[in-house]
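Here, each number is a calculation from the coordinates, and none is a lab measurement. The structure displayed is predicted, hence computed values, not measured ones. Positions of Cβ are backbone-derived with ideal geometry, glycine not excepted, and every protein chain shown enters the neighbour counts.
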Amino acid sequence: MKGTRIDVALIVGYLPIGETPETLAKEVLPHLSLAAIYDALSYYHNHKDEIDRERAENTVEAGQLFLSEKLGEAAYKQLTAT
């Protein structure tokens, strides 16, 4: 979010694990107001495809696949000791 150093994708990521805008503002990110949380959610809904794509690209699995493809399977296994 602009001026907070909190990414909208981070805020959105809390929702599937049961957090609500109210719990985010009160317990998880208390330095953000409830209005700021709702502003972030509004921004998310206006840019949903872009933010969802970004979130999908920034998973552990996506990172592992990227490295495996860039390094090759043998080098990836050596790097990760798998």
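Output the residue which, of all residues in the stretch 14-39 that are surrounded by 13 or more Cβ atoms within 10 Å (Cβ to Cβ) and within 15 Å of Arg55 (Cα to Cα), is farthest from the chain's Cα centre (by Cα).
This residue is Leu15.
A quick yes/no check of all residues on (1) in contact with a His (Cβ under 7 Å, 6 or more places away or on another chain); (2) assigned to a helix (DSSP H, G or I); (3) of a type outside the set (Gly, Ala, Ser):
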site	(1), (2), (3)
Pro16	no, yes, yes
Glu19	no, no, yes
Ala25	no, yes, no
Ala35	no, yes, no
Ala40	no, yes, no
Glu54	no, yes, yes
Leu65	no, yes, yes
Gln78	no, yes, yes
Thr82	no, no, yes
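Right, Glu57: acidic (Asp, Glu), exposed (fewer than 13 other Cβ atoms within 10 Å of the Cβ) and without any contact (Cβ under 8 Å) to a residue 40 or more places away in the chain or not? It would help to see each step written out before you state the result.
Details: acidic (Asp, Glu): yes; exposed (fewer than 13 other Cβ atoms within 10 Å of the Cβ): yes; without any contact (Cβ under 8 Å) to a residue 40 or more places away in the chain: yes.
Taking the combined requirement at face value, the residue satisfies it.
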